[in-house]
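Participant: Just passing along the structure, written as structure tokens.
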Amino acid sequence: MASLLEPALPDTPLTSPARIERFTLTERALHWMHASAFFALLATGMILYLPALSTIVSRRHLVKNVHLWVAVAWAIALVVILIVGNRKRLAEDWREIETIDRDDRRWLRGRKAPQGRFNAGQKINALLTIAFAMLFALSGFFLWLGERDHRFIFAGTGTVHDALTFASIGLLVGHLYLALIHPSTRHALRGMTAGDVDEAWARKHHAKWVEAERDRLASRHEHTSH
Amino acid sequence: MDDRTIGRAGFLGVLGLGAAGLFLAKDATGLLDRAVPQSVANIVPSAGWRIYTIGSSMPTFDPATYRLEVTGLVGSPASYTLADLKAMPRADQVSDFHCVTGWSVSDVRWAGVRLADVLERAGAKSNVAALNFVSAETPYEDSLTLEQALLPDVMLAYEMDGGPISRPHGAPVRLVMPQMYGYKSVKWVNRIELGTVAQPGYWEQNGYDADAWLGKSNGLSS
């Protein structure tokens, strides 16, 4: 919290003074599409899964259909975003996310280390979220298919789907806490709504990113001025 | 291992574990079944029973007013209290329960009456060829052919695992048809309609097989 109130570091100012773009429209669309689908699937899934809820709501056939169609809508929206969205940017995101460098490993051990646009915790959260989404889709597909063709009933399909639910709820709680409540990270929320974050905050928490961004802008400036 | 492969390896590792879990989690499920206390499993199912209801509310059983009616092709419509059913010859069995959605429960202990005894007591006519079991959970119902209903491990159960059948499991009386997927084992049975043709049940009307034999039904080709 205090860091925000501190004056900006006496350093060369960036071309854009106060704010810096963190997420493009494509990234934000992907995030909010996934978030809405996740909440709808979680709500209907809980009704299907928890006896206390399922006996209150009942109407299993309807709830099951809603759950299935939301999953289909999620898959279609994902494909649409991958087709019409900024794929180059998404590929960059993936490259950054799967790179766990020395600084990240130090950061994960609780030491101070400069971080890129994603800190090591955000990278792990993103890697798990993507892996869980793929496994949800895979196990969900076999839950669906197994009911229609007994040859595709596997012993662990339901267990995997359930275990993913528990693990995802764990991730979600941590994510919501850090995005909405935790004093030093909640400023990042604007990055996922409007797209930009406070530059002074970014410089403190994502130093390597701000530096790289500055170099990028400087070199672009050089190129255009010659 | 360079910086980039660490994240990718972790990612692929999680994916691989999850995919392997589809086939390997059976032992984990069995372990959970033993490790998780029943009181917890009733709230958060880990292994074993799941409770599926389709109506707008779960039926409540009142011992004072409960009657099992037997209608259709009978001399005269019959009506039995739970005590009447318990006065009929008692049958005990241990059988596995398999749900079409993929979960199973092994070695469930059931006690109840065989349908042959119910049919005889009710005075079923000789042309009866199908039984339609109607649940108190409207509009749930399902049918068996006479031949299926008379299989030696089919029963109308009033006890499960040593006690009266609980409300979520179909109190006071449910059908038990272990050789078919669980949707055939109608819960909260309050009427048996005797007829000549098996009626399509609730899930049959939603595309599931009427002859729901374990491992032989609900094939895409059929």
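A quick yes/no check of all residues on (1) charged (D, E, K, R); (2) within 16 Å of B:LEU68 (Cβ to Cβ); (3) modelled with pLDDT of 95 or more:
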| site | (1), (2), (3) |
| --- | --- |
| B:CYS99 | no, no, no |
| B:TRP110 | no, no, yes |
| B:ALA116 | no, yes, yes |
| B:ALA130 | no, no, yes |
| B:LEU156 | no, yes, yes |
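Participant: Could you tell me which of the residues A:ILE76, A:ILE83, A:ILE130, A:ILE100 is within 29 Å of A:ALA43 (Cα to Cα) and surrounded by 15 or more Cβ atoms within 10 Å (Cβ to Cβ)?
Facilitator: Working: A:ILE76 fails: surrounded by 15 or more Cβ atoms within 10 Å (Cβ to Cβ); A:ILE83 fails: surrounded by 15 or more Cβ atoms within 10 Å (Cβ to Cβ); A:ILE100 fails: within 29 Å of A:ALA43 (Cα to Cα).
Result: A:ILE130 is the single residue among A:ILE76, A:ILE83, A:ILE130, A:ILE100 that is within 29 Å of A:ALA43 (Cα to Cα) and surrounded by 15 or more Cβ atoms within 10 Å (Cβ to Cβ).
Participant: Further, regarding this structure: May I ask you to list the residues in region A:122-169 that are of a type in the set (D, E, K, R) and over 17 Å from the mean Cα position of the chain (by Cα)? Talk me through it step by step, then tell me what you get.
Facilitator: Taking region A:122-169 as the starting set, the residues that turn out to be of a type in the set (D, E, K, R) are A:123, A:147-149, A:151, A:162.
Within region A:122-169, A:GLU147, A:ARG148, A:ASP149, A:ARG151, A:ASP162 qualify.
Participant: Taking the condition crowded, with 20+ Cβ neighbours inside 10 Å and either farther than 25 Å from B:THR145 by Cβ or basic (Lys, Arg) (or both), does B:TRP110 pass? Even if it seems obvious, please write down each step before you answer.
Facilitator: Numbers: crowded, with 20+ Cβ neighbours inside 10 Å: yes; either farther than 25 Å from B:THR145 by Cβ or basic (Lys, Arg) (or both): no.
Spelling it out, it is not the case that B:TRP110 is crowded, with 20+ Cβ neighbours inside 10 Å and either farther than 25 Å from B:THR145 by Cβ or basic (Lys, Arg) (or both).
Participant: Being farther than 29 Å from A:THR157 by Cα, surrounded by fewer than 18 Cβ atoms within 10 Å (Cβ to Cβ) and at the interface with another protein chain (Cβ under 7 Å from one of its Cβ atoms) narrows it down to one of B:ASP3, B:ASP92, B:ASP84, B:ASP62, so name that one. Spell out the reasoning first.
Facilitator: Working: B:ASP92 fails: at the interface with another protein chain (Cβ under 7 Å from one of its Cβ atoms); B:ASP84 fails: at the interface with another protein chain (Cβ under 7 Å from one of its Cβ atoms); B:ASP62 fails: at the interface with another protein chain (Cβ under 7 Å from one of its Cβ atoms).
Answer to the selection: B:ASP3.
Participant: Still on this structure: May I ask you to list the residues in region B:32-56 that are assigned to a loop (DSSP other than H, G, I, E, B), without any contact (Cβ under 8 Å) to a residue 24 or more places away in the chain, facing chain A (nearest Cβ under 10 Å) and farther than 16 Å from B:TRP103 by Cβ?
Facilitator: B:SER56
Participant: Considering region B:189-205 alone, what residues qualify as being among the small types (Gly, Ala, Ser) and under 15 Å from B:ILE54 (Cβ atoms)?
Facilitator: Here is the first cut: in region B:189-205, the ones among the small types (Gly, Ala, Ser) are B:195, B:198, B:201.
Across region B:189-205, the qualifying residue is only B:GLY201.
Participant: Can you run down the residue pairs with Cβ atoms below 8 Å, 6 or more apart or on separate chains, where the first is in region A:204-220 and over 16 Å from A:PHE118 (Cα atoms) and the partner is aliphatic (A, V, I, L, M)?
Facilitator: Close Cβ pairs (under 8 Å, with a partner that is aliphatic (A, V, I, L, M)) amount to A:ARG214/A:LEU14; A:LEU217/A:LEU14.
Participant: Give region A:139-158 a look and list any residue that's within 7 Å of chain B (Cβ to nearest Cβ) and assigned to a helix (DSSP H, G or I), or say none. It would help to see each step written out before you state the result.
Facilitator: Taking region A:139-158 and keeping what is within 7 Å of chain B (Cβ to nearest Cβ), we get A:139, A:142-143, A:146-150, A:153-158.
Answer for region A:139-158, where residues must be within 7 Å of chain B (Cβ to nearest Cβ) and assigned to a helix (DSSP H, G or I): A:SER139, A:PHE142, A:LEU143, A:GLY146, A:GLU147, A:ARG148, A:HIS150, A:THR157, A:GLY158.
Participant: Among the residues that make up region B:141-163, is at least one of them on the phi < 0 side of the Ramachandran plot, surrounded by 15 or more Cβ atoms within 10 Å (Cβ to Cβ), within 11 Å of another protein chain (Cβ to nearest Cβ) and not hydrophobic (A, V, I, L, M, F, W, C)?
Facilitator: No; the residues of region B:141-163 include none that is on the phi < 0 side of the Ramachandran plot, surrounded by 15 or more Cβ atoms within 10 Å (Cβ to Cβ), within 11 Å of another protein chain (Cβ to nearest Cβ) and not hydrophobic (A, V, I, L, M, F, W, C).
Participant: If you don't mind, another one. Can you name the residue in region A:179-203 that is part of a helix (DSSP H, G or I) and without any contact (Cβ under 8 Å) to a residue 40 or more places away in the chain and, of all such residues, is farthest from B:GLY18 (Cα to Cα)?
Facilitator: Let us first name the residues in region A:179-203 that are part of a helix (DSSP H, G or I), namely A:179-181, A:186-193, A:199-203.
Okay, now just the ones that are also without any contact (Cβ under 8 Å) to a residue 40 or more places away in the chain, so A:179-181, A:186, A:189-190.
Numbers: A:ALA179: 27, A:LEU180: 30, A:ILE181: 31, A:ARG186: 32, A:LEU189: 31, A:ARG190: 33 Å.
Among them, the one singled out is A:ARG190.
The values are calculated or read from the model by the stated rules, or taken from the named source; none is laboratory data. These numbers were taken from a predicted model, which means no experiment stands behind them. All Cβ positions, even for glycine, are placed from backbone atoms using ideal geometry, and neighbour counts span all protein chains on display.
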